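Below you'll find the structure, written out as structure tokens, and then a few comments.
The values are calculated or read from the model by the stated rules, or taken from the named source; none is laboratory data. Only a predicted model underlies this, so the values are computations on that prediction, with no experimental measurement involved. Positions of Cβ are backbone-derived with ideal geometry, glycine not excepted, and every protein chain shown enters the neighbour counts. These area figures cover heavy atoms from the full protein model, side chains too; ligands, DNA and RNA do not enter into them. Shrake-Rupley method; radii C 1.70, N 1.55, O 1.52, S 1.80 Å.
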Amino acid sequence: MQNAAQILRESQLSIAAETYSLISMRHEDFARLLENAELSPRMSAPFSIFMDKHEVTLMLDDVDFETMRHALREAKIERGFRLLTFETELDLNVIGFLAEVARILADSSIPILAMSAFSRDHILVKQLDLANALKALGPYVHELC
């Protein structure tokens with residue numbers, strides 16, 4: 001089995017064209033949001049919904065955010081993220097892939113929010129940090145696209 005650094009060296013890193021927002025809301029507010037189908041994400045751009053016992057977190061591109069904005073008055077909102085995707089299908093037994101990515105970016109003082117889908121890992125970085133993140137990751141990945 002390959003180690004995380006080897007997998008990263010063979011990875012393509014893609015950058016979504018859209019800018020994203022992170023929204024934290026109370027469970028009750030999310031339930032009200034679900035009652036209005038017009039406030040659902042478009043299903044044509046990446047989005048994420050994560051619910052734990054403390055909050056519901058949404059990741060939305062700016063188009064979906066603007067559609068929902070009026071319904072998010074009570075939410076905490078952080079805007080200006082870019083979504084970077086490691087275009088490598090990862091086995092669920094891979095150890096340390098995101099740790100390696102986080103270490104590289106931490107060494108360059110770049111904060112990230114890591115997200116994982118079933119087979120691929122993603123990170124969110126602030127638009128202001130994007131150029132530095134790509135510069136930091138460039139030597140460690142096969143291709144930036």
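Mind computing the radius of gyration and Dmax over the alpha-carbon atoms of the chain? Å is fine for both.
Every Cα atom of the chain included, Rg and Dmax give 16.4, 49 Å.
First select every other residue whose beta carbon is under 12 angstrom from the beta carbon of Phe118; then total the charges, Lys and Arg +1, Asp and Glu -1.
That works out to -2.
Excluding residues fewer than 8 places away in the same chain, name every one of the lysines whose C-alpha is closer than 28 Å to that of Lys76.
The reachable lysines, counting only those whose Cα sits under 28 Å from Lys76, are Lys53, Lys126.
How large is the dipole of the chain about the Cα centre if only Lys and Arg carry +1 and Asp and Glu carry -1, each at its Cβ, rounded to the nearest 20 debye?
Dipole size: approximately 300 debye.
Determine the shape class of region 32-71: with a ≥ b ≥ c the square roots of the Cα gyration tensor eigenvalues, call it rounded for a/c under 1.5, and otherwise prolate if a/b is greater than b/c, oblate otherwise.
It is oblate, given that a/c is not under 1.5 and a/b is not larger than b/c.
May I ask you to rank Ser21, Ser40 by accessible area, largest first, using a 1.4 Å probe over the protein chains only?
Ser40, Ser21
Report the convex hull volume per residue for region 5-72, counting only C-alpha atoms, in Å³.
Measuring per residue, one finds 112 Å³ for the Cα hull of region 5-72.
With every protein chain in place, what's the accessible area of Arg32 (1.4 Å probe, Å², nearest 10)?
About 130 Å², ignoring ligands and nucleic acids.
Pull up all non-local amide H partners of Asp121: gap of 5 or more, or a different chain, and H-to-H distance under 5 Å with H placed in the peptide plane.
Answer set, sorted by chain and number: Phe86, Thr88.
Treat each spin label as a single point 7 Å out from the Cα along the C-beta direction, and report the His27 to Phe118 distance in nm.
That separation, rounded to one decimal, is 2.7 nm.
Between Leu39 and Glu55, 0.36 nm times their residue separation minus their Cα-Cα distance comes to what?
Length gained, Leu39 through Glu55: 3.9 nm.
With the Cα gyration tensor of region 82-145 giving a ≥ b ≥ c as the square roots of its eigenvalues, does the rule (a/c under 1.5 for rounded; else a/b larger than b/c for prolate; else oblate) give rounded, prolate or oblate?
prolate
Give me the percent of accessible area attributable to carbon and sulfur for the chain, probe 1.4 angstrom.
53 percent
Need one value: the accessible area of Leu124 in square angstrom, 1.4 angstrom probe, rounded to the nearest 10.
For Leu124, the solvent-accessible surface is approximately 0 Å².
Under 15 Å from the Cα of Lys135, which aspartates and glutamates turn up, not counting those fewer than eight places away in the same chain?
Asp107, Glu143
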